[in-house]
Each structure stands twice: as structure tokens, then as C-alpha cells.
1. If each of residue 245 and residue 281 carries a label point 7 Å out from its Cα toward its Cβ, how far apart are those two points in nm?
2. Quick one: Karplus J couplings for the stretch 231-239, per residue in order, coefficients 6.51, -1.76, 1.60, θ = phi - 60°, nearest Hz, x for Gly and Pro?
3. Mind checking the per residue accessible area of the stretch 228-328 for me, 1.4 Å probe, whole number of Å²?
4. Probe radius 1.4 Å, ligands and nucleic acids ignored: give me the carbon and sulfur share of the accessible area of the stretch 229-348 as a rounded percent.
5. Hey, which of these cross-link pairs are over 28 Å Cα-Cα: 151/307; 201/307; 83/246; 203/323?
6. Work out, step by step, the length gained on full extension between residue 186 and residue 61: first 0.36 nm times the residue separation, then minus their alpha carbon distance; give nm to one decimal.
7. Using a Förster distance of 51 Å, how high is the FRET efficiency between residue 178 and residue 237, based on the Cβ-Cβ distance and rounded to 0.05?
Amino acid sequence: MYLYRSLLRNSVPMIQIRKLLLLLTFQVFLGFALEAQDLHFSQWFNSPLTTNPANTGFIPDADYRLGANYRNQWSSIMAEPYKTMSVWGDAQVFRNRIQSGWLGLGGAILEDVAGSGSLTTTQVYGSIAYHQMLGYSSLLSIGFNTGWVNKRINDANLRYPDQFDGQFFSSKITSNVFIDQPNINYFDMQVGMNYAYFPDKNKYINVGFSVQHFNQPRESFFSSKEVGFDDRIQPRFIGFINSSFKTSDQVIINPMGYYTNQAGASEAVAGLNIQYNLSGDGDQQLIGGLYYRVNESVIPMVGFVYKNIRLMFTYDVTTSSLKQYNNGNGAWEFAVIRPGDYSEYNGDRHQSLCPTFKN
């Protein structure tokens with residue numbers, strides 16, 4: 001997007017543009033792919049607050065939780081791979097003050113670093129959600145979050161079409177392109193809703209829908225406004241379904257699906273994971289799963305639960321035409337979650353039931 005705007009601003013001859021496209025077709029493709037997908041994790045289910053703010057305090061098996069995620073993408077083909085990191089936490093509050101309901105409070109910090117220009121995105125969000133039991137077997141949740149976003153770019157490492165000397169892009173040639181604002185800030189907002197259905201202790205279904213960039217903030221490294229160009233971030237719509245079925249005292253199966261769409265670019269992922277009870281009481285579990293991102297990648301997953309610590313690892317195996325460039329090595333991702341209970345828990349909390357190995 002920024003490269004295209006630079007071409008327009010400086011009236012670069014079309015022959016140079018054509019040379020640029022011939023030499024950088026693959027990198028341009030990657031840039032558009034990243035812009036379309038926004039910040040994301042393959043393990044969307046292990047990044048609940050960034051998937052849907054209504055997930056804040058929506059913790060079927062605990063009172064609070066802390067988590068961290070890390071994603072490394074295209075390291076096999078790029079000197080500067082795309083890296084996304086986050087830390088987050090949420091908790092249930094006011095459980096004894098709201099009849100058959102409670103509030104969830106939480107927050108998340110994310111950082112994403114992309115490409116040779118070190119395009120760095122830092123996001124800090126606070127979120128709140130309200131959860132209300134509907135009878136004894138379902139739960140409705142609504143939530144929103146708002147926060148601060150900073151984006152910055154190291155323009156000294158960027159090369160433009162007017163620096164092409166016929167063979168290479170040379171830093172010795174002074175470019176006419178000027179980035180007015182290499183460091184920008186804005187506020188962002190998301191809203192969401194969840195519904196959970198749990199007819200008994202062995203079945204659990206949860207569906208949710210959220211809208212990111214609800215306020216459509218403006219984002220541009222250029223201060224001047226160009227005719228016909230809209231620098232507002234388009235809303236990103238996310239829908240998902242999670243479910244859990246306990247088939248025995250040793251096995252819980254978790255099918256799930258995820259879909260997102262932003263400005264016409266979409267992503268769909270579906271699959272399942274299986275929890276196997278190693279210790280009998282659920283303190284030690286082995287997790288294995290497989291997911292498929294439509295027309296893009298196969299995503300195997302392995303994980304382990306030890307007492308109150310959950311570790312999960314996924315690897316994106318590229319199946320699209322990009323595999324001829326990266327040999328199928330798309331991305332790897334790691335998540336750790338630590339759920340916990342309040343010391344004053346007295347067994348009277350109201351919340352959804354989720355299949356568990358614990359009695």
C-alpha cells in the first residue's frame with residue numbers, strides 16, 4: 001500500500017514500475033497477503049481476547065488466566081521474517097453481586113515486526129465483557145475493548161523505484177520519496193458477542209462473532225491527503241465455533257472452525273484437537289490436533305498440560321503455490337496459558353460447564 005502511494009506521489013516512470021514488479025513480484029504478493037490478514041494467530045482459540053472481546057472473563061474451567069503467544073512466519077525465505085508476539089490476561093469479577101452473571105476484565109499487549117523496513121506495530125488493549133446465564137444450560141456474553149496502537153517504520157532500510165539503476169536498487173541514489181510520518185498513533189476499538197450451550201457435563205458448544213476496527217481509525221505514514229484515497233482501516237469481521245465432547249474418562253474431542261473477512265480478503269480455518277488424560281485426574285494431558293487453512297496450509301498441533309500450565313505448538317505447512325518458494329515452511333507458533341482459581345472460591349460460582357477430566 002505504501003509503495004503504491006509513493007509511486008503516485010512522485011510520478012515514477014512506468015518502465016521503472018514494471019521493472020520493480022518483475023523483480024519483486026513475490027515480495028509484493030507477501031506484502032498484500034500480510035495486509036489482508038491483519039495480525040492473526042493460527043491458534044485463534046489460544047488468543048481469546050484478540051479473537052473476540054466477549055471472551056474476556058469467559059473461562060469455563062477457571063476464574064482467571066494468563067497467556068502468551070508467539071508466531072514466526074516465512075523465516076525460511078526472508079532475512080527479516082514476520083514475527084507476532086502477545087501477552088494477555090483476564091479474570092471474572094463481581095460473581096457474587098450479579099444474579100446468575102458476572103463481569104470479565106482483561107487486557108492484551110501485542111507487537112508485530114514485518115519486513116526489511118521493520119514495520120513495527122504495538123497494540124495495548126483493555127477489555128470488558130458481561131456474561132449472563134440463560135437458565136441452567138446456556139450463556140450469553142457481550143464485550144468490547146479499546147486501546148492504543150502505534151505503528152512505526154525504519155524508512156532508511158526501504159528502497160523505491162527511483163533508486164533502480166538498471167540492475168539493482170541502490171542506496172547511493174537519492175530517492176524523491178518522503179515518508180512524512182514514520183511513527184503514528186491512533187485509538188482502536190472492537191466489539192463482540194458469544195453464546196454457549198452446555199446441556200450436560202459432556203457436551204459444550206460455543207459460537208461467537210466480533211468486529212475489529214469498529215471505529216475505522218485512520219492509518220497512514222503520509223500527512224497529506226490524496227484525492228480518492230481512503231486511509232481508514234476497514235472493519236474486520238470474525239466468526240467462530242468451538243465445541244467439546246467428552247467421549248470417555250480418557251478422551252475429550254474439540255472440533256472448531258474460524259472465519260474472518262476484511263475488505264474482501266478472507267481466511268477460513270477448521271479442524272480439531274484431542275485431549276488424552278495421562279494421569280487419571282487431568283493434571284497431565286497430551287494434546288494432538290490437525291487444522292486446515294483453506295487454500296493455504298495444513299496446521300498440525302501438539303500440546304501438553306501439566307497441572308495449571310498448558311503448552312501448545314503449531315506449524316503451518318504451506319499447501320498453496322507459495323510452497324515452491326518456501327518449501328512448505330510457512331510459520332510456527334507457540335502458546336502458553338496458565339488458568340487459575342481464586343483462593344476464596346467456595347463452589348458457588350455461576351458459569352458454563354465444559355467437559356473436564358477433573359471430578
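The values are calculated or read from the model by the stated rules, or taken from the named source; none is laboratory data. Just so you know, these numbers come straight off a predicted model, no measurement behind them. Note: ideal-geometry Cβ built from the backbone for every residue, glycine included; neighbour counts use all protein chains shown. When the accessible area is computed, the model is the full protein with side chains, heavy atoms only, and any ligands, DNA or RNA have been set aside. Shrake-Rupley method; radii C 1.70, N 1.55, O 1.52, S 1.80 Å.
1. Distance between the two pseudo-spin positions: 3.0 nm.
2. 9, 7, 6, 6, x, 10, 9, 10, x
3. Each residue of the stretch 228-328 exposes 50 Å² on average to a 1.4 Å probe.
4. 57 percent
5. Working: 151/307 38 Å; 201/307 21 Å; 83/246 36 Å; 203/323 39 Å.
151/307; 83/246; 203/323, as the Cα separations exceed 28 Å there.
6. 41.4 nm is the gain from fully extending residue 186 to residue 61.
7. Values: r = 35 Å, r/R0 = 0.69.
After rounding, the FRET efficiency stands at 0.90.
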